[in-house]
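Below is one structure. I have some questions about it.
The values are calculated or read from the model by the stated rules, or taken from the named source; none is laboratory data. These figures come from a predicted structure and were not determined experimentally. Cβ sites come from the backbone with ideal geometry, for glycine too, and all protein chains shown count toward neighbours.
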């Protein structure tokens, strides 16, 4: 079992009347609400927290890409990852990911990821995403070409890393006479590829066929993860191999304090702040971003999404967050880990308005009291497993 | 109650019209294209809006069919028409229709459309002016008016009330609730999503064609512009913009009408176009 510490870098200073005044924390939320002076302190402390995860012995740290929103302040996760290559020594740095259709040319991703891999001495995990629905409003990229562009760009990047350049590339959306990125990644044949998903069969089958790793995006009911990982294992079997646990990541917020009561008291208000403020508008889905069938499935999945939840018992029942004393958290993780069969947990210890101090306290307890006991859990993967996801 | 009766009446008219149109599937350069048609006389080609009102033989088609051979194709990607993978932009739509006229052996037609259909008609007319006997354009995007950007329909598309407000002068009226139903069933939602997907492909990055104004001088035929005076999606200023660039074009504002005159002011709409195409 591997533990990756995930930071969204939220904007915690939304006004008290946010819910009445604004219909979304995304795309058109006025950026006059952003304050760069406070923003400086935030980046410093958020980066400190991520670096602390390395000191505490987390297997990796994660950053991701979102635009024009208060939910996550990393329009360029590569900038933050660049800083982290210099602040960390051991952990993997997972950028999950770069939204490929938003990069023109997508060779930029091949270049920047290669830089990060070389700078970190081969610690990069290269996450490739289509990008959330709101990004297509923010960048005005045609959503009806998203999937096609994603696949083309991914193939281009992989080829750029594995085929000696210069070579010519020609596909429906991209044409290059000289593909020849300098530098190239340190990891061979290339860094592990992680693809986050929200459960569409299309993505699951694609990731399974290509032997990449599938990262289940958090904030869904545990039933969704049960179904998704079962589908993933089936898709791998169909592709002719047994799924490696480390091809499956379960995204879930975890919060640990000395007692169950204290954990809930410290964490709950921030989870609700996050749910009611930062998640507002995240479901904005432009037409053509998915097939009509998937769009219908997304609508049906809404009731399994954190945004619709109102009570703590719903949070506990659906394992939307794992919260409690070290012993409680250990038991729950062991239970779900066994059930899901996922070899990777991606966890945000910081959520919404939770302070840097509380986030770090929770990380310490998690790293010292919980991780050593659950790590051995279903560890059936061999040391070579991380290469299994490399094509 | 009155609203209910009006809705009922429209439903009855749709039923009564139904027999007037026939459905056909034609092969347009390999793209399977659904077309409804009815009536005899000079050919009148109607290019539908993003709503996909070509999916049914509606009363206004039936009215025209008394004097014209009315042809109502369904755009590639909409409904059961294929060929979406060959459509990337509005020009591709124009090329689809010149090939459709070829396939039907039609040399010259009265051509027009509402909203995106009107834009396609304009793009057609600047490329093949000799094939357009008369051109009419209603409530169409395609141009850019600096201080009056078209509204962002994609932002509010899931909100039925806001959608009715955007599309209708009278969002509480009977026709608003006929066109934008409350509690649509799953099939209706899927069809709407499919239509919006085609629309998004055409307009997402840029809801206009920067080259169109300069090209509009190539339009040679009589041109009628029809706009709802309360079109909130594509304001009447866009009608003015088309008028400015098409020599001799006439702009007709329909009073107390929103973006969809064929539904909100049907009789005026039918008469204006019928008369224009006949003369």
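For the range B:186-205, what are the residues that are at the interface with chain A (Cβ under 10 Å from one of its Cβ atoms) and farther than 19 Å from residue B:84 by Cβ?
B:186
From (1) in contact with a helix residue (DSSP H, G or I) (Cβ under 8 Å, 6 or more places away or on another chain); (2) under 20 Å from residue B:167 (Cα atoms), pick out the condition that doesn't hold for residue B:117.
(1)
Something else now. Considering the range A:302-318 alone, what residues qualify as being surrounded by 15 or more Cβ atoms within 10 Å (Cβ to Cβ) and either without any contact (Cβ under 8 Å) to a residue 12 or more places away in the chain or within 14 Å of chain B (Cβ to nearest Cβ) (or both)?
Within the range A:302-318, A:316 is the sole residue that qualifies.
A further question on this structure: Looking only at residues in the range A:277-294 that are assigned to a helix (DSSP H, G or I) and at pLDDT below 95, which one is surrounded by the fewest Cβ atoms within 10 Å (Cβ to Cβ)?
Quick first cut of the range A:277-294, residues assigned to a helix (DSSP H, G or I) only: A:277-278, A:292-294.
Still in the list and also at pLDDT below 95: A:292-294.
Numbers: A:292: 17, A:293: 13, A:294: 19.
The selected residue is A:293.
Quick one: is residue A:195 assigned to a helix (DSSP H, G or I) and in contact with a helix residue (DSSP H, G or I) (Cβ under 8 Å, 6 or more places away or on another chain)?
Considered against the rule, which asks whether it is assigned to a helix (DSSP H, G or I) and in contact with a helix residue (DSSP H, G or I) (Cβ under 8 Å, 6 or more places away or on another chain), residue A:195 comes out as no.
Conditions tested, residue by residue: (1) in contact with a helix residue (DSSP H, G or I) (Cβ under 8 Å, 6 or more places away or on another chain); (2) within 14 Å of another protein chain (Cβ to nearest Cβ); (3) within 30 Å of residue A:150 (Cα to Cα); (4) surrounded by 18 or more Cβ atoms within 10 Å (Cβ to Cβ).
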| residue | (1), (2), (3), (4) |
| --- | --- |
| A:296 | yes, yes, yes, no |
| A:300 | no, yes, yes, no |
| A:320 | yes, no, yes, yes |
| A:331 | no, no, no, no |
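Look at the range A:15-28 and say how many of its residues are surrounded by fewer than 22 Cβ atoms within 10 Å (Cβ to Cβ) and in a loop (DSSP other than H, G, I, E, B).
8
Continuing with this model, one more query. Hey, does the range B:147-162 have a residue that's away from chain A (no Cβ under 13 Å), surrounded by 13 or more Cβ atoms within 10 Å (Cβ to Cβ), without any contact (Cβ under 8 Å) to a residue 60 or more places away in the chain and closer than 27 Å to residue B:93 by Cα?
No, the range B:147-162 contains no residue that is away from chain A (no Cβ under 13 Å), surrounded by 13 or more Cβ atoms within 10 Å (Cβ to Cβ), without any contact (Cβ under 8 Å) to a residue 60 or more places away in the chain and closer than 27 Å to residue B:93 by Cα.
Looking at A:214, A:178, which one is surrounded by 17 or more Cβ atoms within 10 Å (Cβ to Cβ) and not in a loop (DSSP other than H, G, I, E, B)?
Details: A:178 fails: surrounded by 17 or more Cβ atoms within 10 Å (Cβ to Cβ).
It is A:214.
So, one more: Here are some conditions: (1) without any contact (Cβ under 8 Å) to a residue 60 or more places away in the chain; (2) within 14 Å of chain B (Cβ to nearest Cβ). Residue A:284 meets all but one. Which one does it not meet?
The failed condition is (1).
Wholly within the range B:177-279, which helices (runs of 4 or more DSSP H) include no fewer than the required count, namely at least 1 residues that are modelled with pLDDT under 95? Walk me through how you get there before you give the answer.
Numbers: elements: B:186-203, B:212-215, B:237-245, B:261-264, B:266-278.
Result: B:186-203, B:266-278.
Right, something else. Looking at residue B:107 and the list (1) surrounded by 15 or more Cβ atoms within 10 Å (Cβ to Cβ); (2) at pLDDT 95 or above, which single condition is not satisfied?
All conditions pass for residue B:107, except number (1).
Let me ask another. Take residue A:111 and decide whether it is buried (at least 16 other Cβ atoms within 10 Å of the Cβ) and assigned to a helix (DSSP H, G or I).
yes
Take the range B:247-271 and flag every residue that is free of Cβ contacts under 8 Å to residues at least 60 places away in the same chain and closer than 21 Å to residue B:133 by Cβ.
Taking the range B:247-271 as the starting set, the residues that turn out to be free of Cβ contacts under 8 Å to residues at least 60 places away in the same chain are B:247-255, B:265, B:267-268, B:271.
If the condition is that a residue be free of Cβ contacts under 8 Å to residues at least 60 places away in the same chain and closer than 21 Å to residue B:133 by Cβ, then B:247, B:248, B:249, B:250, B:251, B:252, B:271 are the ones that fit.
Which condition breaks for residue A:50 when tested against (1) within 17 Å of the chain's Cα centre (by Cα); (2) surrounded by fewer than 21 Cβ atoms within 10 Å (Cβ to Cβ)?
It is condition (2) that residue A:50 fails.
Quick test for you: out of A:354, A:333, pick the one residue that is assigned to a helix (DSSP H, G or I) and within 21 Å of residue A:53 (Cα to Cα).
A:333
Same structure again: Just one of the numbered conditions (1) more than 14 Å from chain A (Cβ to nearest Cβ); (2) at negative phi; (3) surrounded by fewer than 22 Cβ atoms within 10 Å (Cβ to Cβ) is not true of residue B:242; which one?
(3)
Can you tell me how many residues in the range B:163-185 are within 14 Å of chain A (Cβ to nearest Cβ) and either in contact (Cβ under 8 Å) with a residue 40 or more places away in the chain or farther than 21 Å from residue A:143 by Cβ (or both)?
Final tally of qualifying residues: 3.
Same structure, new question: Mind checking which residues of the range A:119-158 are part of a helix (DSSP H, G or I), over 19 Å from residue A:203 (Cβ atoms) and either within 14 Å of chain B (Cβ to nearest Cβ) or out of contact with any helix residue (DSSP H, G or I) (no Cβ under 9 Å at 6 or more places or on another chain) (or both)?
A:137, A:138
Condition first: within 19 Å of the chain's Cα centre (by Cα) and under 30 Å from residue A:26 (Cβ atoms). Can you find one or more residues in the range B:117-131 that meet it?
Within the range B:117-131, one or more residues are within 19 Å of the chain's Cα centre (by Cα) and under 30 Å from residue A:26 (Cβ atoms).
Going through A:188, A:261 one at a time, which residue ends up being surrounded by fewer than 17 Cβ atoms within 10 Å (Cβ to Cβ), more than 14 Å from chain B (Cβ to nearest Cβ) and outside any helix (DSSP H, G or I)?
A:188
Within the range A:221-238, how many residues turn out to be touching a strand residue (DSSP E or B) at 6+ places or on another chain (Cβ under 6 Å) and either touching a residue at least 40 places away in the same chain (Cβ under 8 Å) or in a loop (DSSP other than H, G, I, E, B) (or both)?
2
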